[in-house]
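K.L.:
Input: one structure, supplied below.
The values are calculated or read from the model by the stated rules, or taken from the named source; none is laboratory data. Being a predicted model, the structure only gives us computed values, none of them experimental. Please note: Cβ atoms are built from the backbone with ideal geometry, for glycine as well, and neighbour counts cover all protein chains shown.
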Amino acid sequence: MFSKKNLNPQPAGPAPAIRTGALARRALANPFIGAGAAASLLVATVITLILVGGDPKAGEPIVRVSLAKAAGAHAPPGWREALAPGRAGVTRLSEEIFQLSETAPAPDEAASTGQAVITMADAAAPASSDGLPQAPIAGLFTPGPGGPLPIIAADGRTPFQAYARPFASNGRPKVGLIIGGLGLNAKATRQAIEGLPAEITLSFVPYSEGLQGWIDLARSRGHEVLLETPMEPADYPANDPGPYTLLAAAAPTDTAKKLEWVLSRATGYFGLTNYLGSRFLSSDPAVAGFAAALNSRGLAFIDDGQAAHRGGGPPRASADRIIDEQLSETAIDQQLAALEAGASQQSQALGSGFAYPVTLTQVAHWAEAVESRGYQLTPASAFAVRR
């Protein structure tokens, strides 16, 4: 073993005695040491006052979010591996989420208390003045397998009505946008919540940890929220959206059990949207059971365009186009322009996109000026109707 050399050797034998009283007087007589001692005394006094009097920020409003419904609390073994990068047959969701930077923090999570505490009084990033009511709203939920399940209230109010962002048409063509894939990547999620206008609807992945904290933060900024439902794609199981994927040929009881887990992951969403699902959405029995479940709970279903031909059941809407199938600034700008053109022709148009960095950047620029061009930026819930 190597050891450090002694760079300050001392003489052998006992040290000479030191008269501590005289030494202390000489030290305090030094003006620099005296000033330092006074500063230390001041700091100690302030700390004592804080400990006795309380936190000086105690008056700031906070949101306390239960973390009892951690993502894996009610999931079977292997659900994390279903999202792990490099896995054979990994889905688009896991590949893209894990490729994004993870430098920004998620909402603070106090594991020791089982709560996430989000301070809403950050002067640099204040909550939106038109923030939505905190969820859950009384009468609109019942206990579920992992948290509250949405229900229709005794007075007939539905979660769709209660959690959607209020909207009043001004007569201009309506143009809306859903940004999905949120909750797994902290930087992208925070950028979408804080950097996009409140009228843009945000869609969250049910496997996300701290999901309720993200949804609460989004609603505090005025964003209405959708919850993504993994559905069987045509190339399943090579392309596997995870352990709670709704399968086209599954028994109704199995579908209901998986759907209940998805629905109980959080609260405050007005409806569901699909993640993948080309095979599931092509099955009449599967879609009928799914639609009946949503209708009985008062939720809407807004798809990415794959179920545009489907009607009946809950309030429905379908995206007219996906804006970022080609990941370049020019291609995304062209799709946003095409969305505006569709709104001019049909009086409304709804688009969808994924939380890629380039998508978030281009959408933020586009949203700054879209209304100056004669359109009304509209939340996705305003497109949903019973067909």
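K.L.:
Can you say whether Val205 is more than 17 Å from Ala355 (Cβ to Cβ) and crowded, with 24+ Cβ neighbours inside 10 Å, as far as the supplied structure shows?
P.N.:
no
K.L.:
Kindly indicate whether any position in the stretch 212-225 is farther than 23 Å from Leu360 by Cα and either more than 10 Å from the chain's Cα centre (by Cα) or surrounded by 24 or more Cβ atoms within 10 Å (Cβ to Cβ) (or both).
P.N.:
Checking the stretch 212-225: not a single residue is farther than 23 Å from Leu360 by Cα and either more than 10 Å from the chain's Cα centre (by Cα) or surrounded by 24 or more Cβ atoms within 10 Å (Cβ to Cβ) (or both).
K.L.:
Follow-up question, since we're still on this one. Out of Glu228, Glu199, which single residue is more than 11 Å from the chain's Cα centre (by Cα), under 13 Å from Gly180 (Cβ atoms) and among the acidic types (Asp, Glu)?
P.N.:
Glu228
K.L.:
Right, here's the next one. Out of curiosity, is Phe290 touching a residue at least 40 places away in the same chain (Cβ under 8 Å) and under 19 Å from Gly181 (Cβ atoms)?
P.N.:
No.
K.L.:
So, of the residues in the stretch 324-379 that are acidic (Asp, Glu) and out of contact with any strand residue (DSSP E or B) (no Cβ under 7 Å at 6 or more places or on another chain), which turns out to be nearest to His223 (Cα to Cα)?
P.N.:
Glu368
K.L.:
From the list Thr189, Thr142, which residue is of a type in the set (Ser, Thr, Tyr), in a helix (DSSP H, G or I) and modelled with pLDDT of 95 or more?
P.N.:
Just a single option satisfies the conditions, and that option is Thr189.
K.L.:
Sort out which residues of the stretch 187-241 are over 26 Å from Ala286 (Cα atoms), touching a Phe, Trp or Tyr at 6+ places or on another chain (Cβ under 9 Å) and not polar (S, T, N, Q), and write them in order of number.
P.N.:
Ala188, Arg190, Ile193, Glu199, Leu211, Trp214, Ile215, Ala218, Arg219, Glu224
K.L.:
I've got another one for you. Confirm whether Gly312 is farther than 25 Å from Leu294 by Cβ, more than 22 Å from the chain's Cα centre (by Cα) and in contact (Cβ under 8 Å) with a residue 24 or more places away in the chain.
P.N.:
Criteria not met by Gly312.
K.L.:
Suppose the filter is closer than 27 Å to Ala138 by Cβ and either in a helix (DSSP H, G or I) or among the small types (Gly, Ala, Ser) (or both); does Ala168 pass it?
P.N.:
Against the criterion (closer than 27 Å to Ala138 by Cβ and either in a helix (DSSP H, G or I) or among the small types (Gly, Ala, Ser) (or both)), Ala168 qualifies.
K.L.:
Right, next: Does the stretch 134-153 contain any residue that is out of contact with any His (no Cβ under 7 Å at 6 or more places or on another chain) and more than 16 Å from Gly268 (Cα to Cα)?
P.N.:
no
K.L.:
What are the residues in the stretch 141-152 that are surrounded by 14 or more Cβ atoms within 10 Å (Cβ to Cβ) and without any contact (Cβ under 8 Å) to a residue 40 or more places away in the chain, if any?
P.N.:
none
K.L.:
Report the residue count in the stretch 153-172 for those that are farther than 17 Å from Gln212 by Cβ, crowded, with 19+ Cβ neighbours inside 10 Å and more than 18 Å from the chain's Cα centre (by Cα). Lay out the reasoning, then the answer.
P.N.:
Just the residues of the stretch 153-172 that are farther than 17 Å from Gln212 by Cβ, to begin with: 153-158, 160-161, 164-172.
Still in the list and also crowded, with 19+ Cβ neighbours inside 10 Å: 158, 160, 164-165.
If we keep only those that are more than 18 Å from the chain's Cα centre (by Cα) as well, we get 158, 160.
Number satisfying all stated conditions: 2.
K.L.:
State yes or no: is Ser372 hydroxyl-bearing (Ser, Thr, Tyr) and touching a residue at least 24 places away in the same chain (Cβ under 8 Å)?
P.N.:
Judged against the criteria, Ser372 is not a match.
K.L.:
For Ala218, are the conditions met, namely being among the small types (Gly, Ala, Ser), in a helix (DSSP H, G or I) and closer than 19 Å to Leu350 by Cβ?
P.N.:
yes
K.L.:
Which of (1) surrounded by fewer than 19 Cβ atoms within 10 Å (Cβ to Cβ); (2) in contact (Cβ under 8 Å) with a residue 40 or more places away in the chain; (3) not aliphatic (A, V, I, L, M) is the odd one out, the single condition Asn185 does not satisfy?
P.N.:
Checking Asn185 against (1) surrounded by fewer than 19 Cβ atoms within 10 Å (Cβ to Cβ); (2) in contact (Cβ under 8 Å) with a residue 40 or more places away in the chain; (3) not aliphatic (A, V, I, L, M), the one that fails is (1).
K.L.:
When the stretch 340-353 is examined, which residues are found to be over 18 Å from Ser169 (Cβ atoms) and surrounded by fewer than 23 Cβ atoms within 10 Å (Cβ to Cβ)?
P.N.:
Within the stretch 340-353, Ala341 is the sole residue that qualifies.
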